[in-house]
Amino acid sequence: QVHVVESGGGLVQAGGSLRLSCAASGSIFSISAMGWYRQAPGNKRELVANIMSGGSANYADSVKGRFTISRDNAKNTMYLQMNSLKPEDTAVYYCYANVYSATNWGQGTQVTVSS
């Protein structure tokens, strides 16, 4: 069992930056991948970025070049650095951690980008 908690959301103007954090606890050595999804009102939850245990990362086309995902294994924390934010990035951002066949979700953190 892995527990993840997000932090770092907030309100920012277009063009600004935010850094989201996802702290993991529990059976962290069993985590195979972590990542971020987001969901805007009326939309499906969509993958933003993920990072494998080996360090390779994947990004949605809509955030490539603007967002960077990283992990600090010593702190059991994953980050999402979001730069050049756009109003369409407004959503609730959810952290997840995959452990074997299970996906553990956080409660979400709101990101609002004003134009």
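Scanning segment 93-115 for residues that are closer than 13 Å to Trp36 by Cβ, buried (at least 18 other Cβ atoms within 10 Å of the Cβ) and among the hydrophobic types (A, V, I, L, M, F, W, C) yields Cys95, Ala97, Val111. Being open to solvent by 40 Å² or more (accessible area, probe 1.4 Å) and basic (Lys, Arg), is that true of even one residue in segment 29-40? No, segment 29-40 has no match at all.
Of the residues that make up segment 71-89, is at least one part of a strand (DSSP E or B) and small (Gly, Ala, Ser)? No, there is no match, as no residue in segment 71-89 is part of a strand (DSSP E or B) and small (Gly, Ala, Ser). Here Asn50 fulfils each of the conditions (1) of a type in the set (S, T, N, Q); (2) touching a Gly at 6+ places or on another chain (Cβ under 9 Å); (3) surrounded by fewer than 18 Cβ atoms within 10 Å (Cβ to Cβ); (4) assigned to a strand (DSSP E or B) apart from (3). Filtered by the rule that a residue be closer than 10 Å to Ser21 by Cα, open to solvent by 30 Å² or more (accessible area, probe 1.4 Å) and among the β-branched types (Val, Ile, Thr), segment 66-85 gives no residues.
Within segment 7-22, the residues that satisfy the criterion of being open to solvent by 50 Å² or more (accessible area, probe 1.4 Å), of a type outside the set (Lys, Arg) and within 19 Å of Ile69 (Cβ to Cβ) are Ser7, Ser17.
In the condition set (1) over 18 Å from Val113 (Cα atoms); (2) touching a Lys or Arg at 6+ places or on another chain (Cβ under 8 Å); (3) assigned to a strand (DSSP E or B), Gly55 is compliant with all but (3).
The values are calculated or read from the model by the stated rules, or taken from the named source; none is laboratory data. Source: prediction; values computed, not measured. Positions of Cβ are generated from backbone atoms using ideal geometry, with glycine treated the same way; all protein chains shown enter the neighbour counts. Quick note on the areas: whole protein, heavy atoms, side chains included, nothing else; ligands and nucleic acids left out. Shrake-Rupley method; radii C 1.70, N 1.55, O 1.52, S 1.80 Å.
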